[in-house]
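Q: Structure below; questions to follow.
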Amino acid sequence: MTGSKHLALIGAETSLIAANEVAKACGLDHESLALATRDRYHFDLAPALARFPASEWAFFVALDERAVNHARLELVAQVRAAGYETVNLISPQASVSPSARLHGNVLVEAHVAVAANVSIGYAGILRVAALVAADVNIEAGCTLGERARVGRECTLGTGTTLGPDCVLEARLRVGVHCELLLAGPFVDAVPDRSFFDRLFPNGARILGR
Amino acid sequence: MRRDRHCLDARHYVDEHVFQLERERLYGRLWIFAGFAQALRERHSYFARRVAGVPVLLQNTATGLRAFINQCPHRGMPVQRAGFGARALVCPYHGWSFDGQGALHAIPNEVEYGFEPQERAGLSMIPVALRQVGELLFVNLADDPMPIEQQFAPQMLAALDGLSRHLDHRLIHASFPARCNWKLAMENVKDANHVQFLHAESLFPAMREEHANRAPPLAPGLTPAPRIVRTAAPPLGALSYAVKTPLDIAPGWFAPLVERYGTDNAYYNWFLYPNVNLCSINGLHFVLQQYDPVAPGSSDYHLWIMTARRKHPDTDFTALLRTLMSAERAVVEEDLQHLQALQGAFGPWSPPVSHGNYEQPLIDQHRWYVANVVHEARHDRE
């Protein structure tokens, strides 16, 4: 139960498993439903909507990160448009400042620390032991990988993913729809739609309109 | 007849003197692809890169697209330090600013410099010749550039112009180091026979069986030969050519969302001498690869990818472009692992290359290179 409603976890992949673990650790009575997909981007919501009426159920949508996280944002938008409340799931082993604002359907896994005055947009996922310093603004649909660290006053644009052990120096701006999948520090601002990983150590970037 | 199967030696891929000749006589003379115009639509947008080591800046200015040596005439600082951006021509070091022609506009604290008027008049950014063919931008570093029509045949220029109408305005670019000579990368993409070995699980399964083991058709103007034909060096214009190979890849999910180039399920290739391969899978997306020389055994590998033009500008292909780039990069890595091993094995002990009949385009390219770049007499080995 969450508030006056039952809780259902819907989605797929490791995020659904992680959400189940956090819900259990929180002692939340809940149900879980894996959504069918033909392509990892489009999910069949119909069984969930039929099984869990919006009048009695609230949802948490769990979906792994993939290029720019459109799928997760889209899924959350769909259930909200269908009249469902979406809840945050915060591990009891995480530390979240009372002044931090989580804007719904945010998953905070164990050993995460979120400092004061942090804002985390809807559909965010903070994996195990991610650290977020004070006054950080994380827009919707972002993922922070295991042990990722975000310095003070950083901003992360919509749909951006930080990989495991990624480190953002303080006051850095990372644009929208970026993937920083390299461990270690980023010290310069990252333009919108930039992608860094093992094969792109200098980054790949989308240009033009 | 071994002599007919051999043209370049290992030293052409490792020798510093040969590399300097290439910079002077090849990259210092020919038109070299530098970027795509559709990425420079906005005022002050630019990209800065190197062309065979020379820092080149392409900038959208008040007078249109311009190319310069990316250095301030004051102390030589790059005027644009990032690879891409939108910023006026202002040197970040001491604030010198330049107009759309590269002429000096203003110097902060100018009295401190004490320049005479005639000295000041000579302070400008160095212009570089720029030609736009469709959406493709070419630069030429020569003082007196050759006509681009001398380098690319009219049908090739028309083809580039025509296909440009299908290129989307949004593209993804990446560059990364390759520890091999630029010529190896270019020769590799012209060699269809390697695909079944280096890309057995990635690219090869998509090639139609009847074409998978064959060399591509020869360039226009070249005659298919039962054996390698020893001829004089071909004209420069014959070194760039187009090839179309049937493919067994069904059109991707995004096909209905774009203005497709052509109607066939095919692998289109345009080889642009000296260092560009532009290709398209089914006319739905385009990949441009370029191999920019850094040192004899080192290159910068550039990848540009775009879809065919979107039917609706609101269609967001961010995730698709990212996915296409990752897939292409994975295939390139399969090549680079081997090309870097090949480069590392080169030395005075290396045996002469023995090209097969299907490699006639490489032989032709090498003959032109020997005659025009290294200026060597053929020293064929029996």
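Q: From the list B:189, B:139, which residue is surrounded by 20 or more Cβ atoms within 10 Å (Cβ to Cβ) and under 29 Å from the mean Cα position of the chain (by Cα)?
A: Of B:189, B:139, the one residue that is surrounded by 20 or more Cβ atoms within 10 Å (Cβ to Cβ) and under 29 Å from the mean Cα position of the chain (by Cα) is B:139.
Q: Further question: Only strands (runs of 3 or more DSSP E) wholly contained in the range A:137-209 count here; list those with 2 or more residues that are in contact with a Gly (Cβ under 8 Å, 6 or more places away or on another chain) and within 14 Å of chain B (Cβ to nearest Cβ).
A: By residue number, A:194-197.
Q: Name the single residue that is farthest from residue A:206 (Cα to Cα) among those in the range B:288-326 being at the interface with chain A (Cβ under 9 Å from one of its Cβ atoms) and of a type in the set (D, E, K, R).
A: Applying the filter and picking the extreme gives B:316.
Q: Give the residue, chosen from B:293, B:352, that is under 17 Å from the mean Cα position of the chain (by Cα) and either modelled with pLDDT under 95 or assigned to a strand (DSSP E or B) (or both).
A: Step by step, each of B:293, B:352 is checked, and only B:293 is under 17 Å from the mean Cα position of the chain (by Cα) and either modelled with pLDDT under 95 or assigned to a strand (DSSP E or B) (or both).
Table: residues versus (1) of a type in the set (A, V, I, L, M, F, W, C); (2) more than 14 Å from chain A (Cβ to nearest Cβ); (3) farther than 27 Å from residue B:236 by Cβ.
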residue: B:52; (1), (2), (3): yes, yes, no
residue: B:72; (1), (2), (3): yes, yes, yes
residue: B:93; (1), (2), (3): no, yes, yes
residue: B:102; (1), (2), (3): no, yes, yes
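Q: Okay, moving on. Name the residue, out of A:50, A:54, that is surrounded by fewer than 17 Cβ atoms within 10 Å (Cβ to Cβ) and part of a loop (DSSP other than H, G, I, E, B).
A: When all the criteria are applied, what remains is A:54.
Q: Shifting gears a bit: Please pick out the residue among B:97, B:45 that is surrounded by fewer than 17 Cβ atoms within 10 Å (Cβ to Cβ) and either of a type in the set (Ser, Thr, Tyr) or within 14 Å of chain A (Cβ to nearest Cβ) (or both).
A: Going through B:97, B:45 in turn, just one is surrounded by fewer than 17 Cβ atoms within 10 Å (Cβ to Cβ) and either of a type in the set (Ser, Thr, Tyr) or within 14 Å of chain A (Cβ to nearest Cβ) (or both): B:97.
Q: Tell me which residues, restricted to the range A:135-183, are polar (S, T, N, Q) and surrounded by fewer than 18 Cβ atoms within 10 Å (Cβ to Cβ).
A: Selection gives A:137 alone.
Q: Of the residues in the range B:104-124, how many are surrounded by 13 or more Cβ atoms within 10 Å (Cβ to Cβ) and under 37 Å from the mean Cα position of the chain (by Cα)?
A: Final tally of qualifying residues: 6.
Q: Exactly one condition in (1) at pLDDT below 95; (2) within 30 Å of residue B:355 (Cβ to Cβ) is not met by residue B:43; state its number.
A: (2)
Q: On the given criteria, is residue B:29 farther than 30 Å from residue B:375 by Cα and touching a residue at least 40 places away in the same chain (Cβ under 8 Å)?
A: no
Q: Where residues in the range A:184-202 are under 19 Å from the mean Cα position of the chain (by Cα) and not hydrophobic (A, V, I, L, M, F, W, C), which of them is surrounded by the fewest Cβ atoms within 10 Å (Cβ to Cβ)?
A: A:192
Q: Let me ask you something else. With respect to residue A:89, determine if the residue is modelled with pLDDT under 95 and among the aliphatic types (A, V, I, L, M).
A: It is false that residue A:89 is modelled with pLDDT under 95 and among the aliphatic types (A, V, I, L, M).
Q: Among (1) under 30 Å from residue B:261 (Cα atoms); (2) more than 10 Å from chain A (Cβ to nearest Cβ); (3) free of Cβ contacts under 8 Å to residues at least 12 places away in the same chain, where does residue B:333 come up short?
A: (2)
Q: Enumerate the pairs (first residue in the range B:363-378 and at pLDDT 90 or above; second residue anywhere and basic (Lys, Arg)) with beta-carbon separation below 6 Å, excluding pairs fewer than 6 apart on the same chain, so at least 6 apart or on different chains.
A: What qualifies is B:373/B:25.
Q: Still on this structure: Tell me the residue from A:39, A:29 that is in contact with a strand residue (DSSP E or B) (Cβ under 9 Å, 6 or more places away or on another chain) and charged (D, E, K, R), please.
A: Within the list A:39, A:29, the selection yields A:29.
Q: Moving to a separate point now. Out of everything in the range A:58-113 that is at positive phi and more than 14 Å from every other protein chain (Cβ to nearest Cβ), what residue ends up being surrounded by the most Cβ atoms within 10 Å (Cβ to Cβ)?
A: The qualifying residue surrounded by the most Cβ atoms within 10 Å (Cβ to Cβ) is A:105.
Q: Moving to a separate point now. Could you give every pair whose Cβ atoms fall below 8 Å, whose first residue belongs to the range A:83-100 and is closer than 13 Å to residue A:122 by Cα, and whose second residue is loosely packed, with under 14 Cβ neighbours inside 10 Å and modelled with pLDDT under 95, counting only separations of at least 6 or pairs across chains?
A: Going by the 8 Å Cβ cut-off, the qualifying pairs are A:85/A:3.
The values are calculated or read from the model by the stated rules, or taken from the named source; none is laboratory data. Please read these numbers as outputs of a predicted model, since none were measured by experiment. As a convention, Cβ positions derive from the backbone with ideal geometry for all residues, glycine included, and neighbour counts pool all protein chains shown.
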